[in-house]
Each structure stands twice: as structure tokens, then as C-alpha cells.
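Asker: Pasting a structure here, questions to come.
What follows draws every value from the coordinates through simple rules; no lab data is involved. Keep in mind that this is a model prediction, so the values were computed, not measured. Glycine also receives a Cβ, built like all others from the backbone with ideal geometry; neighbour counts cover every protein chain displayed.
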Amino acid sequence: MKQVGVLALQGAFIEHEKMLEQLGVSCIELRNKEDLEKPYDGIILPGGESTVQGKLLKELDMFDTIKKQIEAGMPVLATCAGLILLAKDIKDQEETYFGTIPMCVKRNAYGRQLGSFFITKEVDGVGEVPMTFIRAPYVESVEDGIKVLAEVDGNIVGVEYGKQMGFAFHPELDGDLRIHQRFVDEI
């Protein structure tokens, strides 16, 4: 049986767990270094605050292990802040995090909380899905090898690179299970 590790340091991790439960997939919360020793077949990096998550990953000595797992090909679903954690470059910010997808991400690209919005758009390989953007980033540029999965108003909001899928929006908030199903199918 597949088991997914959900990064549970901060942000919308419980919503991801509920989506996995609906798909019949068991999950464990990754809260400390010891949790990384438990068996899991994929990892979810949830929305939240990327700066806080990055800081906690390092303080709790989880950062290097997760980075190595991703680099070794562990399937990853990253949403909003999780997308920022995977970016090789972050516009107007020197510090980066895992850097496992060769792309440049713009944080808070749609503005602060008031810039949040909802739209329905096509995700390649999934179909039209509801998209909730909350203080969302977007992908400003991608390098070779990245498959663009979704765009909104000419901005890239979904990418796939190897076994990594990243989205600027929050599929865990809309009740549509197809993106999570696609992730589970990758495992």
C-alpha cells in the first residue's frame, strides 16, 4: 500500500491529508527528523509560508534528508509555498531552498491576501480544474526539461520536472481529487 509523507511543519497540510484519505492513500506527518526514517513513497510540500517552512526544515535538521530524497527521485507534489521550496531561483531573493526544479519563481506574485482569487483552468493531463490562489507565486521562467502543466493569464502556475509536480494554487482546498490522484499514480 502506498504511503505519502506530508510535510507538517506549517501551512495547509491537513487539507492534503484529507484529499489522500479520500483516495484511500495512507499518510504520515513529517514533523521532525525521526519521521523521515519512517517508510513513505512520496512527499507533499504544502502551501503556507515558504520562509517559515525553510527555516524550520533547517532548524529541525530535516532539510538535507528531504532534499536528497527528492534528488533521488521521490515523487513530490508541491503547492504554493511548496513550489517556492523547489525553485532553483526566487526572484528578488538570494536565499533558495531545495532548488530541485530549474525555474525562477516570483513570490506573492498576485499581491497580498487581497490579491487572492479563484478561477477554473486547464491542467495538462488532468483537465479543467478549480484553482484557488492565496498570496500565490507564479513561475517566471523555466529551463529545459520542465513541462508546463498550467498557465493563467500567460503566467506559469503548474510545472512538472521528473517526478516533481508543483502548482502555484491550492488543489487541496477545492475538493477536486484529480491532481492528487495524478500524484498518487506517479508513486
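Asker: From the phi of every residue in segment 66-72, what ³J(HN,Hα) in whole Hz does the Karplus formula 6.51 cos²θ - 1.76 cosθ + 1.60 yield, where θ is phi - 60° and glycine or proline is x?
Answerer: Per residue, the Karplus-derived 3J(HN,Hα) values read 5, 4, 5, 4, 5, 4, 7 Hz.
Asker: Based on the Kirkwood radius over alpha-carbon pairs, what value in µm²/s does the Stokes-Einstein equation return for the translational diffusion coefficient of the chain at 25 °C and 0.890 mPa s?
Answerer: Once the numbers are plugged in, D ends up at 153 µm²/s.
Asker: Are there any GluC sites (Glu not before Pro) in segment 14-102 that are in a DSSP loop and have at most 13 other Cβ atoms within 10 Å? List them by number. Walk me through the numbers on the way to the answer.
Answerer: Working: sites: 15, 17, 21, 29, 34, 37, 49, 59, 71, 94, 95; in loops: 49, 94, 95.
For GluC sites (Glu not before Pro) across segment 14-102 that sit outside H, G, I, E and B with at most 13 neighbouring Cβ atoms in 10 Å, the list reads 94, 95.
Asker: Which is farthest toward the positive dipole end of segment 48-187 among 129, 48, 70, measuring Cα position about the Cα centre, with Cβ charges +1 (Lys, Arg) and -1 (Asp, Glu)?
Answerer: Of 129, 48, 70, it is 48.
Asker: Something else about it: If you take every DSSP beta bridge whose two residues both sit in segment 3-186, what share of them, in percent to the nearest 5, is antiparallel? Don't jump to the answer; show the numbers that get you there.
Answerer: On the way: 22 of 40 bridges.
Around 55 percent of the beta bridges assigned by DSSP in segment 3-186 are antiparallel ones.
Asker: Another one. Report the extension gain between residue 177 and residue 93 in nm, rounded to one decimal, defined as 0.36 nm multiplied by the number of residues separating them, less their alpha carbon distance.
Answerer: Stretched out fully, the residue 177 to residue 93 stretch lengthens by 26.9 nm.
Asker: Give me the extension gain from residue 49 to residue 3: residue separation times 0.36 nm, minus the current Cα-Cα distance, reported in nm with one decimal.
Answerer: 14.1 nm
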